[in-house]
1. Of the conditions (1) of a type outside the set (Lys, Arg); (2) touching a strand residue (DSSP E or B) at 6+ places or on another chain (Cβ under 6 Å); (3) surrounded by 14 or more Cβ atoms within 10 Å (Cβ to Cβ), residue 119 fails just one. Which one is it?
2. Condition check: in a helix (DSSP H, G or I), open to solvent by less than 60 Å² (accessible area, probe 1.4 Å) and at pLDDT below 85. Does residue 240 satisfy that?
3. Of the residues 165, 153, only one is outside any helix (DSSP H, G or I) and either under 17 Å from the mean Cα position of the chain (by Cα) or modelled with pLDDT under 90 (or both); which?
4. Of these, 200, 252, which one is at pLDDT below 90 and touching a Leu at 6+ places or on another chain (Cβ under 6 Å)?
5. Scan (1) over 17 Å from the mean Cα position of the chain (by Cα); (2) in a strand (DSSP E or B) for the single condition residue 217 breaks and write down its number.
6. Just one of 421, 435 is among the small types (Gly, Ala, Ser), at pLDDT below 80 and surrounded by 16 or more Cβ atoms within 10 Å (Cβ to Cβ); which is it?
Amino acid sequence: MTNLKIKNVLYYTTYTVLEDGILLLGFSSKYSSVFAVKQKSEQICRFLNALYQTGTSMFDRPIEQQTELMQLCEMIRHSIKANRNCDKFEKTFPQAHFVPLPKEIQLRIDDALGELEAMDYRNWNDDFVDLFCLLTVIGCALYYKQHLICTHLSGEYMMDIETMLKNLGVFEILTTTDVKNMAIWRKFYPKQYCGDGFHEKNDAYLMLVSIGNLLMVVVLEVPIDTTHNKSFSRYVDEIQDMLSYFKSTGIENLIRIWIDSNRRPQCIPTNVSKQSNDQTSSEDRSTTQQLRNHDEESNASSSIKNQTIREEPNPDPDDDDDSDWGQSMDSSQRSSSFDITDLSENRCKEFSELIPTQLTTGLDNLLFYYVQLEVGDGYFLAPTINSANVKNDIVMNLFRKTCTLIHATFENTKKFRNLLARESTKLNTQRSLVAIKEQGMLLSVPKDHGSGERVEFWVVGRLFHSPAKELYVCHRADAPQNMVELAFRICLTCAG
């Protein structure tokens, strides 16, 4: 990446190897940070590969046949501008924002999606059987606005789908419009599907069907060179019937109440906002940062740029098998009942009176925010707080800036493990690649303008290798917290 300054505006230009060429992308610093630019550039390449199998195929066409490419560029440009104030750390990744629902509703939605995939929930006549035999459902996922509610797809599929939904403007439609009916299907080339070699005899199609704020995403496999429009339109009707059923039985309303509640788990408000640009810069300069890295075997400390650093090298990745993580939860149960009509009335009242759950240890809730990135599963866990409420929150802004620094450390750790696994001879020269699995910074900001009181809080990141995940937590400094225990408690929320 290089920086260009044009008419006093800084532009970031990325250079990405794409097949047999190099793709150049330019981003204005008005709309994206350096960290977001790197992530966005990778996602655009993934987006082009998912649409055209080879990202360079569209560029090889004559100028007069590149209308679709120009339309895609315009949609990507609009997406970047529309989300300029939502440049969150967690939103820059290709993973979906997953919201675990209560167990009972999870199981019943799982049943509904499973029966939609199997197509065995009614007595079909021969015409319908012949029609649907051409379609093989690879998997499906249910969204509420931008939030993933349920998925039967692997992580690689989910990242391709999430990239498509972001760059095609589907999320913007769902969040700004109450959709009456929307149906889209097109051929696409997910990375995992094409890598398995199945595409030689069949094509993969992505189907998007939406009613209201609910979106069903289905990945289909169909034979090459056959007419599918009639089969697709019939299948769209079945998906629309299911989405209408979710709305009529109150499932959509329950999801909205659950997302808006911010109680499972509950995050406390920071109540610290920016007063002015001058005050913000002075606060940043006066912030005390203290990094910590945990390992019981050894400790080393040094001082770099007025930051007190405590690091524990962990040079042997074989000793870091994350046995402290424990066994993963098995949430693959299926309910025996498909009827969900009894969920609407009583559950709406129960959801509005939810008892908050607390993740942190101690008498009081100390949790400001958290992000748990499930790398292999294609989603991340985070609170569903409205971004408009935290846009000017200095604590949240510092949290996200600090997370980018910790994430860079974790990327170096991954490189170190890969080098060590291959017994590279370059290890002696890579002194910066230290295997660090936990890092934190202690920060302090003024509580109120002119009051003299300060709020101290920790921003701590933890890297797990098996299963692959990254956890970032922001909490008050009143009591120490165990990151492994916090990660386990957050994962328990997925079990309902």
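1. (2)
2. No: the conditions fail for residue 240.
3. 153
4. Values: 200 fails: touching a Leu at 6+ places or on another chain (Cβ under 6 Å).
One residue alone meets the criteria, 252.
5. Unmet condition: (1).
6. On the way: 421 fails: surrounded by 16 or more Cβ atoms within 10 Å (Cβ to Cβ).
Selected residue: 435, the only one of 421, 435 that is among the small types (Gly, Ala, Ser), at pLDDT below 80 and surrounded by 16 or more Cβ atoms within 10 Å (Cβ to Cβ).
Rundown of residues vs (1) open to solvent by less than 10 Å² (accessible area, probe 1.4 Å); (2) in contact (Cβ under 8 Å) with a residue 60 or more places away in the chain, yes/no style:
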{"residue": "172", "(1), (2)": "no, yes"}
{"residue": "175", "(1), (2)": "no, no"}
{"residue": "182", "(1), (2)": "no, no"}
{"residue": "204", "(1), (2)": "yes, yes"}
{"residue": "209", "(1), (2)": "yes, no"}
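Quick grid of which residues meet (1) open to solvent by less than 50 Å² (accessible area, probe 1.4 Å); (2) more than 30 Å from residue 491 (Cβ to Cβ); (3) touching a strand residue (DSSP E or B) at 6+ places or on another chain (Cβ under 8 Å); (4) free of Cβ contacts under 8 Å to residues at least 12 places away in the same chain:
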site	(1), (2), (3), (4)
4	no, yes, yes, no
8	no, yes, no, yes
39	yes, no, no, no
59	no, yes, yes, no
103	yes, no, no, no
106	yes, no, yes, no
110	yes, no, yes, no
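The values are calculated or read from the model by the stated rules, or taken from the named source; none is laboratory data. Predicted model only: the values in this text are computed from it and were never measured. Cβ: placed from backbone, ideal geometry, glycine included. Neighbour counts: every protein chain shown. For the accessible areas, the whole protein counts, side chains as well, though only heavy atoms, and no ligand, DNA or RNA atoms are used. Shrake-Rupley method; radii C 1.70, N 1.55, O 1.52, S 1.80 Å.
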